[in-house]
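See structure below.
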Amino acid sequence: MDVESLSVSPKLKSEFDDAETEILLWPLVNNALIAVNADEVTYDAARNALASSNGTATLVNYLQNEGSRIKGMDFSFRAPLLCHLAALAVEDNGCDTVYDPEQTMFFIETDDAQYALPVVKDYTVDWKSIADDIERDYEVVSDEVWALDRLLAFAEIEVDAYRRQDDDI
């Protein structure tokens, strides 16, 4: 997959539908990876993750978690990645998506995990048309704490070996 030319055209709310909507994904992901100081292994995992909805869910969760620790983080990757994820999910059935308009949250359920992402600042996207379901006061079952571990699986990296390598530095 040529991730550098991968783009998405988010469905926008009607009052914004005259705006340019085609967005290249990789520059946004790359900028986020730079901001979180990702290493080359993490870059490889991110590239591989973009090929599936489950992988994209894992990637956006990783970037969200790491970015929340950085003051002034640019989260402009979030909405395009979630739109990409939703389009892939229709094709590969790798996850289900739920939009909760009360909490302004986008929930992603894979076979392995459940993720919750705030989309209140991504207001121009028509989340109701992108999500599989719309549910008010949706309850998340778990919160992902091992975001990097899950992402590294997409590069077929054994987490323990990666951590030993990191300790050697």
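The values are calculated or read from the model by the stated rules, or taken from the named source; none is laboratory data. Computed from a prediction, not measured in an experiment: that's the story for all the values here. Note that we place each Cβ from the backbone using ideal geometry, even for glycine, and neighbour counts take in every protein chain shown.
Considering segment 43-81, the residues that are surrounded by 22 or more Cβ atoms within 10 Å (Cβ to Cβ), out of contact with any helix residue (DSSP H, G or I) (no Cβ under 6 Å at 6 or more places or on another chain) and not small (G, A, S) include one that is nearest to T110 (Cα to Cα), namely N54.
On inspection, T110 fails the criterion of being surrounded by 15 or more Cβ atoms within 10 Å (Cβ to Cβ), touching an Asp or Glu at 6+ places or on another chain (Cβ under 6 Å) and under 23 Å from L148 (Cα atoms).
Residue-wise test of (1) of a type outside the set (A, V, I, L, M, F, W, C); (2) out of contact with any Phe, Trp or Tyr (no Cβ under 6 Å at 6 or more places or on another chain); (3) farther than 23 Å from Y123 by Cβ.
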site	(1), (2), (3)
M1	no, yes, yes
V8	no, yes, no
D39	yes, yes, yes
A49	no, no, yes
T58	yes, yes, yes
R78	yes, yes, no
L85	no, yes, no
A89	no, yes, no
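Looking across segment 89-99, the residues that are surrounded by fewer than 22 Cβ atoms within 10 Å (Cβ to Cβ) and farther than 19 Å from L12 by Cβ come down to E91, D92, N93, G94, D96, V98.
Residues that are in a loop (DSSP other than H, G, I, E, B) and at pLDDT 90 or above were ranked within segment 113-136; the one that is surrounded by the fewest Cβ atoms within 10 Å (Cβ to Cβ) is R136. Among the residues of segment 9-16, is any of a type in the set (A, V, I, L, M, F, W, C) and either modelled with pLDDT of 95 or more or farther than 21 Å from D74 by Cα (or both)? Yes, some residue in segment 9-16 is of a type in the set (A, V, I, L, M, F, W, C) and either modelled with pLDDT of 95 or more or farther than 21 Å from D74 by Cα (or both).
Does segment 3-11 include one or more residues that are touching a Leu at 6+ places or on another chain (Cβ under 8 Å), within 22 Å of K128 (Cβ to Cβ) and assigned to a strand (DSSP E or B)? For segment 3-11, residues touching a Leu at 6+ places or on another chain (Cβ under 8 Å), within 22 Å of K128 (Cβ to Cβ) and assigned to a strand (DSSP E or B): present.
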